[in-house]
Amino acid sequence: MAIFNKKIPGAQPENEPENTPIEEATPVAADDFDFNRYFLAERRIALENVSYETTKPAQSDSGYKLTGRDTVVAQVIGNTGVKVTYNRTLKFEPDGPFTLSVSYAVMLIFNPGTRDEIDWKTVDVAAQFRKHCAPICANISSRISLLIAEITSASGQPPMIIGMAPQQAPQQK
């Protein structure tokens with residue numbers, strides 16, 4: 001069994017529960033964060049929001065520049081898990097014909113045996129998600145690109161196909 005792009009050594013088949021002993025709470029270093037340990041293999045990915053607004057373009061002698069930004073944010077949901085939201089926003093500078101934002105949410109369910117090992121208020125889950133869950137980020141980015149292509153082609157124009165990656169947090173030395 002593999003989730004989050006890692007194989008789980010000694011993992012039980014999905015229909016058999018795993019008996020994981022509860023260990024003493026230990027601090028978790030940023031490089032040691034293991035999604036397979038703290039979250040169940042079950043995850044739900046769902047379209048959360050689409051916002052498309054047409055605008056009257058401002059006059060521009062030099063044309064328009066399309067800017068895009070991908071962001072990832074995480075929110076702890078009680079004792080249930082963590083909701084990670086991946087958002088892509090497109091807009092023009094100066095204000096152009098539209099602004100567009102598409103968000104997907106991933107619900108990560110806590111592993112009940114390890115949930116209390118760390119203080120979730122001190123872990124930057126969004127940064128860890130960007131770092132350790134590249135296949136999920138790529139999957140969501142592809143879904144967002146397809147939606148943007150469909151939306152931008154709906155008015156008869158060629159589709160805008162834009163592949164991006166979430167912005168990485170600056171490395172601390």
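For this structure, a couple of remarks:
- Ile109 vs. criteria closer than 15 Å to Phe39 by Cβ, among the aliphatic types (A, V, I, L, M), surrounded by 15 or more Cβ atoms within 10 Å (Cβ to Cβ) and modelled with pLDDT of 95 or more: yes
- Considering segment 24-49, the residues that are in contact with a strand residue (DSSP E or B) (Cβ under 7 Å, 6 or more places away or on another chain) and loosely packed, with under 14 Cβ neighbours inside 10 Å include one that is modelled with the lowest pLDDT, namely Glu42.
- Within segment 77-111, tally of residues that are touching a residue at least 60 places away in the same chain (Cβ under 8 Å) and closer than 13 Å to Ile136 by Cβ: 5
- Looking across segment 106-120, the residues that are in contact with a helix residue (DSSP H, G or I) (Cβ under 9 Å, 6 or more places away or on another chain) and either of a type in the set (Val, Ile, Thr) or not in a loop (DSSP other than H, G, I, E, B) (or both) come down to Val106, Leu108, Phe110, Thr114, Arg115, Glu117, Ile118.
- Any hit, segment 72-94, residues being in a loop (DSSP other than H, G, I, E, B), within 30 Å of Thr54 (Cβ to Cβ), modelled with pLDDT under 95 and over 21 Å from the mean Cα position of the chain (by Cα): yes
- Any hit, segment 136-148, residues being crowded, with 18+ Cβ neighbours inside 10 Å, in contact with a helix residue (DSSP H, G or I) (Cβ under 9 Å, 6 or more places away or on another chain) and either of a type in the set (Phe, Trp, Tyr) or at pLDDT below 95 (or both): yes
- Evaluated against (1) under 23 Å from Glu42 (Cβ atoms); (2) part of a strand (DSSP E or B); (3) β-branched (Val, Ile, Thr), Val123 falls short on exactly one condition, (2).
- Residue, farthest from Asn87 (Cα to Cα), within segment 126-157, restricted to residues that are among the small types (Gly, Ala, Ser) and either touching a Leu at 6+ places or on another chain (Cβ under 6 Å) or outside any helix (DSSP H, G or I) (or both): Gly156
- Checking the stated criteria, Gly96 turns out not to satisfy the condition of being surrounded by 15 or more Cβ atoms within 10 Å (Cβ to Cβ) and within 18 Å of Ala41 (Cα to Cα).
- Failed item in (1) within 15 Å of Tyr52 (Cα to Cα); (2) outside any strand (DSSP E or B); (3) at pLDDT 90 or above, with Met160 passing the rest: (3)
The values are calculated or read from the model by the stated rules, or taken from the named source; none is laboratory data. Source: prediction; values computed, not measured. In this analysis, Cβ positions are derived from the backbone assuming ideal geometry, glycine residues included, and neighbour counts consider all displayed protein chains.
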